[in-house]
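Below: one structure, written as structure tokens.
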Amino acid sequence: MATTLPVKIEFSLPKGWQPAPPDEVGAPGVAFVALHPESRDGFTANITIAGKLRDETDLAAIAEESVQRLREAATIQVVERKQVGNPEAPALTQTLRISTSLHGRLLDLVQSQVYLVMQDVHDPSQCAVIEIALTAKPTQLDLVAEDFKDFVRSLRPAASDAA
């Protein structure tokens, strides 16, 4: 079942990407999915957004939790993990190689994950960890990697509106 994010965010979806209902595309537990139809080749490159309120904001530990969850269904190799951002806006990036099967066929994927700690502009006491992920076949990366970077750069807390 699709979820909602604990904080409101805004972002710009790059040209060529289409939103899709998470439950309909097999992505339960995420709040947002975008597909890149032009990349379709036995697998469609996709971007997902998930997040939840966390007491713990150790992003390396949270990224490792994600690796362990994925290991339940696939072989995972952590290619790179690094802290980015700054003390006011901490973030972590992680790149994974995933080997799994889809419809009985071996499928190799790359997943780029970005973890952001974000405060709700409407309620600064609320702090969430937002996980943004790009999943693609290695042959699709050249087509979608820059779009993913643009997408992540566009992500921000939703502007507070006068109520």
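The values are calculated or read from the model by the stated rules, or taken from the named source; none is laboratory data. Fair warning: this is a prediction, and the values are worked out from it, not measured in the lab. Cβ: placed from backbone, ideal geometry, glycine included. Neighbour counts: every protein chain shown. To get the accessible areas, we keep the full protein, side chains included, count just its heavy atoms, and leave off ligands, DNA and RNA. Shrake-Rupley method; radii C 1.70, N 1.55, O 1.52, S 1.80 Å.
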Would you mind finding the one in 31, 74, 27 that is in contact with a strand residue (DSSP E or B) (Cβ under 7 Å, 6 or more places away or on another chain), open to solvent by less than 40 Å² (accessible area, probe 1.4 Å) and within 30 Å of residue 87 (Cβ to Cβ)? 31
Report the residue count in segment 79-119 for those that are of a type in the set (Asp, Glu) and closer than 17 Å to residue 45 by Cα. 1
Contact list please: Cβ distance under 9 Å, first residue in segment 24-36 and without any contact (Cβ under 8 Å) to a residue 12 or more places away in the chain and over 19 Å from residue 140 (Cβ atoms), second residue surrounded by 17 or more Cβ atoms within 10 Å (Cβ to Cβ) and of a type in the set (Val, Ile, Thr), pairs at least six apart or on different chains. 24/33
Could you say which residue among 50, 45, 91, 63 is surrounded by 15 or more Cβ atoms within 10 Å (Cβ to Cβ) and over 18 Å from residue 130 (Cβ atoms)? 45
Members of segment 45-60 found to be more than 16 Å from the chain's Cα centre (by Cα) and under 14 Å from residue 94 (Cβ atoms), listed by number: 58
For residue 129, only one of the following conditions fails: (1) assigned to a strand (DSSP E or B); (2) modelled with pLDDT of 95 or more; (3) surrounded by 17 or more Cβ atoms within 10 Å (Cβ to Cβ); (4) of a type in the set (A, V, I, L, M). What is its number? (2)
Is it the case that residue 4 is hydroxyl-bearing (Ser, Thr, Tyr) and open to solvent by less than 60 Å² (accessible area, probe 1.4 Å)? no
